[in-house]
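The values are calculated or read from the model by the stated rules, or taken from the named source; none is laboratory data. It should be emphasised that the depicted structure is a prediction, and the values quoted were computed from it without experimental measurement. Positions of Cβ are generated from backbone atoms using ideal geometry, with glycine treated the same way; all protein chains shown enter the neighbour counts. These area figures cover heavy atoms from the full protein model, side chains too; ligands, DNA and RNA do not enter into them. Shrake-Rupley method; radii C 1.70, N 1.55, O 1.52, S 1.80 Å.
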Amino acid sequence: MIQGGGADVGAGIFETFINRAGGLSAKIVVVPTARGNKTPDGKIKVYKEEEVVASWKKRGVTSVRMLHTHDPKIADTEEFVKILRDANGVWFNGGRQWNIVDSYANTLTYHEFHKVLERGGVIGGSSAGATIQGDYLVRGATAGSEIVMTPEPEHEHGFAFLRKTAIDQHINTRNRWDDIIPVIKRFPNLLGIGLSESTAIVVTGDRFEVIGKWKVAIHDNTRVYQPWEKPYYVLSPGDVYDMKKRTIEKYGTGVPVSPPVIQAK
């Protein structure tokens, strides 16, 4: 599940994620690392688990834990990855996506994230937690989020939970509709996905459905566009897209639906 940032209230995104993970009794791990590994004065940033998981417990989730470290050496240990071994879902909070790379890339933790998916679990995230799920890491530059394509080789790659994609977020509120055009121009094999706030895609296999309140922009280099068109098109709530065939499989109503009831288990 990939959310474009913003509030989730009334969008049905968290309810859908919890249900996909197995309901209120599912084992969920929340990763706050995108919010930063250091404070402005250079000290190691400390996260309090009770604060990170509070909103999840408020929703009624009974087994939710925080996973965070600033140190990739710690992320590469068996002790650290224990809570991922039986996790049903992992959620990446927003912030700056390169912080996630710095902590977990090429570690045991990275591999255990992928194993959650391999055994049928759910990976989700919002804002930076959305972009990290792509293959190319949009806005990975440490110098600022306004830089779409980083000059830093170590921050060019996301975690590729959704392979062959480049994912951007906040495209409506921050007017980012056109921003990943140069990414797809440079890497034409990628599918570009731009997500509005309070909007998400629910991915199953090669398909995804749009849920939430607004629009998703699809940058598809295999499609022929007219000279007067933007090189992307938009999907609305309820639309289903086949990423392998790169076709819209079904059109929805375009109207947000009421959030689903969270399952007890």
Just read off the accessible area of Asp86 with the full protein assembly in place, 1.4 Å probe, to the nearest 10 Å². 80
About the Cα centre, charge dipole magnitude for the chain (Lys/Arg +1, Asp/Glu -1 at Cβ), debye: 420
Amide H contacts of Ser63 (H built 1.01 Å from N, under 5 Å, at least 5 apart or other chain): Ile28
Under the rule of -39500 (n - 2.57) per DSSP H run of 4 or more residues, summed and divided by the residues of the chain, what mean residue ellipticity at 222 nm is obtained, to the nearest 500 deg cm²/dmol? -5000 deg cm²/dmol
Inter-part distance where the stretch 61-95 and the stretch 98-117 are each reduced to a Cα centre, Å: 9
Which percent of the accessible heavy-atom area of the chain goes to carbon and sulfur, probe 1.4 angstrom? 53
Given backbone amide H placed at 1.01 Å from N, residues whose amide H is under 5 Å from that of Ser127, ignoring those fewer than 5 places away on the same chain, are Gln3, Gly4, Gly5
With the crude spin-label approximation of a point 7 Å out along Cα→Cβ, what separation in nm comes out for Lys185 versus Glu79? 5.1
Which cross-chain or sequence-distant (5 or more) residues have an amide H under 5 Å from the amide H of Val122, H modelled 1.01 Å from N in plane? Gly89, Val90
Run the simple label-point estimate for Asp178 and Asp206 please: 7 Å along Cα→C-beta, distance reported in nm. 3.3
If eta is 1.567 mPa s and T is 4 °C, what Stokes-Einstein diffusion coefficient results for the stretch 102-157, Kirkwood Rh from Cα pairs, in µm²/s? 105
What is the dipole size for the stretch 192-265, taken about its Cα centre, with +1 at each Lys and Arg Cβ and -1 at each Asp and Glu Cβ, in debye to the nearest 20? 80
Between Val9 and Lys250, what length in nm is gained on full extension when 0.36 nm per residue of separation is reduced by their alpha carbon distance? 84.2 nm
Pairwise FRET efficiency - Lys115 versus Ile44, Cβ, R0 = 22 Å, nearest 0.05: 0.20
Which one of His114, Ser258, Ala217 has its Cα pushed farthest toward the positive end of the charge dipole of the chain, where Lys and Arg give +1 and Asp and Glu give -1 at the Cβ? Ser258
In the structure shown, do any of Lys27/Lys82; Lys185/Lys213; Lys27/Lys115; Lys213/Lys244; Lys57/Lys82; Lys57/Lys213 have a Cα-Cα gap over 18 Å, and if so which? Lys185/Lys213; Lys213/Lys244; Lys57/Lys82; Lys57/Lys213
The simple spin-label model distance between Arg65 and Ala160, using points 7 Å out along Cα→Cβ, in nm, is 2.8
When N is the residue count of the stretch 65-134, what does its C-alpha Rg come to as a fraction of 2.2 N^0.38 Å? 1.01
Rounded to the nearest Å, what's the spacing between the alpha carbon centres of the stretch 10-58 and the stretch 234-257? Just the number, please. 28
Scalar couplings 3J(HN,Hα) for the stretch 199-206 by Karplus 6.51 cos²θ - 1.76 cosθ + 1.60 (θ = phi - 60°), nearest whole Hz, x for Gly and Pro, are 9, 8, 10, 9, 9, 9, x, 8
